[in-house]
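A quick write-up on the structure given underneath.
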Amino acid sequence: MLERARELLPLLRDGVAVAAVTVTGVARSAPRGAGATMAVTADGRVIGSISGGCVEGDAILLAHGARRDGAPRTARLGFSDDAAHAAGLACGGSVDVAAYAVRPEPSVIEALEAAAAGHGITVGLVLAGPVAGTMLDERALRSAIAGSSESAGALDAAIRDRDTVVLTGALDGRDVLVLSHAPASRLIVIGAGEHAAALCRVATAAGFAVTVCDVWETLVTRERFPAAVELVVGLPHEHLAALDASVVDDRTAVCVLTHDERLDVPALAAALALPVGFVGAMGARGTVAHRTALLREAGVPAADIARVRSPLGLDLGGASPEETAISVLAEIIATRHGGSGLPLSTRSGSLHRRRAAAAPHTAESPSGEAPSNETSADATISAAPAPQSPAARETSGCSIRLPSGAP
């Protein structure tokens, strides 16, 4: 639900009845992981997806049932290997989902507004019992499960990992769906040239909250950077030094694109003093060597200088500002998740890493591959606590089609 905040808010404010289906777990291979959400309106509009189309038909039926009677449903949707290949599919996996009505209540609107603004937010949705469908904020959720150390520990883990989990029996024997939305990752771009404008566009599309800082007021404009959350005119190193440590963390990236040693050397020194996860600088190899010498002369420790990713970006072969921006963003993402930057076709094993293996600096397995995340899967669907929907059966293909305006 929280990942669809920008799309759901206008609908709820206009009084449109909406239900959502959220992936709570994945077995074997699936296009999207836990937390992926699709929304369905009463008139048949579908917003987003939870797979590549394999289970959307059943998910839509579950959503309509939850919207109609207000009772959440849980289900396992998927295919056995034989059924998947018979239907022309290659995944052979399954997903556990929860379907629930999204009501225009103050607590729901407040949570969606926080998520849409890029803030971290955690809520709980009661899945069964007389209060099924009730949304709890984090404080109320903690109070409700205070008697269960196991549930409290699982909630802490979900918030830490920004995960989507079901706390089984956490609320007087009733299950609670926890939705935890991470605050938007920050990207601070130093310099306001064409490469900076392209990087702002690409990074914003990838979910980053972008700040652009430069000394040239004529370049740092809303027309050039319409998607930036913050525009700063001033000396970059002063802006970085003034940042509150609470607003930057290891998910924050700083990219120096100024091409002026008078600006980029102090900016790099300031960035390296912050607890950020990525510091990079654009420049030719000769520039990189000269800048390294200047950082050394400025007293920046060698260990910090070694953290600077420069020349900036992965070797994708492109040269335009947009292609360069993609290569820069690719390096940021690869660094954060411990990716190799190699084509997946040159590797073997599971495509999807476990969450623990995706953390920066996490070692791979001795074989050089990410640990497998494959488990056995079945194709059984069950719906509760409401009466079973037509989707509560064994799935054998993607033949379900919901006509527009279906109840």
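The values are calculated or read from the model by the stated rules, or taken from the named source; none is laboratory data. The shown structure was predicted, so the numbers you read here are calculated from the model rather than taken from an experiment. The protein model used for the area step is the full one, side chains on, heavy atoms only, and it has no ligands, DNA or RNA in it. Shrake-Rupley method; radii C 1.70, N 1.55, O 1.52, S 1.80 Å.
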- [ ] Taking only protein heavy atoms into account and a 1.4 Å probe, give the accessible area per residue of segment 247-332 in Å².
- [x] 47 Å²
- [ ] Per residue of segment 128-143, in order, report the coupling 6.51 cos²θ - 1.76 cosθ + 1.60 (Karplus, θ = phi - 60°) as ³J(HN,Hα) in whole Hz, putting x for Gly and Pro.
- [x] 8, x, x, 9, 4, x, 6, 9, 10, 6, 4, 5, 5, 5, 4, 5
- [ ] Show the residues, 5+ positions off or on another chain, whose built amide H is closer than 5 Å to the amide H of A253.
- [x] R186, L187, I188
- [ ] Mind checking the full-extension length gain between R222 and D249? Use 0.36 nm per residue of separation minus the Cα-Cα distance, one decimal, nm.
- [x] 7.1 nm
Task: Debye log10 I(q)/I(0) at q = 0.28 Å⁻¹ for segment 231-291, Cα point scatterers - done: -1.27
Open item on the list: With θ taken as phi - 60° and the coefficients 6.51, -1.76 and 1.60, list the Karplus ³J(HN,Hα) couplings across segment 197-208 in order, rounded to whole Hz; mark glycine and proline as x.
Closed with: 5, 5, 5, 4, 5, 5, 5, 4, 4, 8, x, 7
Open item on the list: Can you compute the equivalent ellipsoid semi-axes for segment 99-162, i.e. the square root of 5 times each eigenvalue of the Cα gyration tensor, sorted largest first and rounded to whole Å?
Closed with: 20, 17, 9
- [ ] For segment 110-218, state what percent of all Cα-Cα pairs lands in each successive 10 Å bin, counting from 0 Å until the bin that includes the largest distance.
- [x] 14, 35, 21, 15, 11, 4, 0
Open item on the list: Give me a comma-separated list of calculated 3J(HN,Hα) values for segment 256-269, in order, Karplus coefficients 6.51, -1.76, 1.60 applied at θ = phi - 60°, integers in Hz, x for any Gly or Pro.
Closed with: 9, 10, 7, 6, 9, 4, 5, 9, 6, 5, x, 5, 5, 4
Task: Contact order normalised by residue count of segment 180-326, Cα under 8 Å, 6+ apart, percent - done: 24 percent
